[in-house]
Ligand code: CMX
């Protein structure tokens, strides 16, 4: 087991001057495995948190209004989450790096000599866990590690194969993910009485194991429900995580689809901590449930139509629109269809956001991919996504209650999958679920490394509110 005591001294110093920080970060770039890099990053985080606590334990981060309590806790700063921060205007930043920064800096398929050019989700995982941009060699090593751990135990294959084809793929995904906890390193270590300071290490092992296996779980479900791919989990040790995922799904011959999946999965990985899936994994993990159970719960949250399932809902909505006004609809017809959706009391899926107040940079990244890819640019659904994204903000903007009329990532993501032949929309949230583990699981590792306690906010009854607000 990897103990913190093996961390080089330079990384352990609390107030190391800038040169030493640079040396520490240099050593992370030389770490041969992600676990070594994480072990080096953790003591710095621990010291920074200790310093904050020592100085600011009683400093206020804002007050709580009744609106916060009744309004889904919007805007309350009540969680520690290291991987990414979401700014209402600028969108997501992963350890300070925007999506375009990541596209420039993170090792891509091309950098690893693979077919394609998009950044690799492994690179994003490394960044999310360590705060560092990995080298191509480090990513290559991580890909190989994930490939070596990617095969499912036969009992999980049997569980998946026993599900009725009519059971929603997200329910199957969450159930199979929970079942993987049979072999949890964290659970086994906890039962043996592992020390609190070491919790992060088996949590890390489980997290890598799960990230490695999620593509095989997803592909088996895809095969059983939709008959595509071969369901056989032939994992090539020389391929990246998504190269293997694409093969298992049956799209491996399409460089375009494989590269699209890489981009899709890299940018859906983390969206700070307060969204339903991320927060759920954090909450469940805070009870020391292992990463398989915590992430299974996250998937069940992702399966809600106001969250991840919106990518399925968008396609359902588009299909309804095409049936109603045709594929070559005019701007006026689309405007009327949007107005009718609002008038019927339904939401327009793929639009709006609880935090963002500008178009989602993830939507922009996918749009850019479509514009730069000749085989996608003129696909009817892709064209319609772009057309609606210009009209919907005007229509939604007329409502005085909708705070963000702009497209979010779900408005665009299904169109690319459809264009490449994955037309089975009830599988789209599963693809999102393969991705969200890149952010949720590193947070579990960090939460344990930083010794964060069980979550237990205070709830209030109407009577208690009446009394305290008198
Ligand atoms: N269509 C219609 N009405 C919308 C809307 C939309 N796209 N977005 C917000 N509204 C409505 C809300 O339902 C709410 O109405 P009520 O007051 O009647 O309940 C009102 O506008 C105010 O909502 P808000 O403060 O602007 O947004 P919220 O923070 O409450 O909700 C979200 C955010 C994403 C749930 C909401 O915008 C929505 O339902 N969008 C459509 C579903 C969707 O795309 N979800 C995916 C989000 C990204 C993700 O998690 O994957």
When residue 400 is run through (1) within 14 Å of residue 349 (Cβ to Cβ); (2) at pLDDT below 95, the failure sits at (1)
Report, ordered by the first and then the second residue, all pairs with beta carbons closer than 8 Å, sequence separation of six or more or different chains, a first member in the stretch 399-425 that is over 14 Å from residue 261 (Cα atoms), and a second member that is at pLDDT 95 or above and away from the ligand (no atom under 16 Å from the Cβ).
-> 424/222; 424/225; 424/226; 424/228; 425/418
Selection from the stretch 433-470 of residues part of a loop (DSSP other than H, G, I, E, B) and surrounded by fewer than 13 Cβ atoms within 10 Å (Cβ to Cβ) yields 451, 453, 454, 456, 457, 458, 459, 461, 470
Count - residues of the stretch 396-418 that are near the ligand (Cβ under 9 Å from one of its atoms), out of contact with any helix residue (DSSP H, G or I) (no Cβ under 7 Å at 6 or more places or on another chain) and not in a loop (DSSP other than H, G, I, E, B) = 1
Counting only residues that are surrounded by 20 or more Cβ atoms within 10 Å (Cβ to Cβ) and free of Cβ contacts under 8 Å to residues at least 60 places away in the same chain, which one in the stretch 214-248 is farthest from residue 453 (Cα to Cα)?
-> 229
Pick out the one residue from 381, 376 that is at pLDDT below 95 and over 26 Å from residue 88 (Cα atoms).
-> 381
The helices (runs of 4 or more DSSP H) lying wholly within the stretch 38-132 that contain at least 2 residues that are surrounded by fewer than 17 Cβ atoms within 10 Å (Cβ to Cβ) and out of contact with any helix residue (DSSP H, G or I) (no Cβ under 7 Å at 6 or more places or on another chain) are 66-70, 99-105
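Quickly run through the stretch 159-213 and pick out the residues that are outside any helix (DSSP H, G or I), over 21 Å from residue 282 (Cβ atoms) and without any contact (Cβ under 8 Å) to a residue 24 or more places away in the chain.
164, 166, 167, 193, 195
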Pairs, please: C-beta under 8 Å, at least 6 apart or cross-chain, first residue touching a residue at least 40 places away in the same chain (Cβ under 8 Å) and in the stretch 73-87, second within 15 Å of the ligand (Cβ to nearest atom) and assigned to a strand (DSSP E or B)?
-> 84/92; 85/92; 86/92
Only one of 299, 283, 288 is away from the ligand (no atom under 12 Å from the Cβ) and crowded, with 23+ Cβ neighbours inside 10 Å, namely 299
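The values are calculated or read from the model by the stated rules, or taken from the named source; none is laboratory data. Note that the structure is a prediction, hence the values are computed from the model and not measured. Virtual Cβ from ideal backbone geometry, glycine too; neighbours counted across all protein chains shown.
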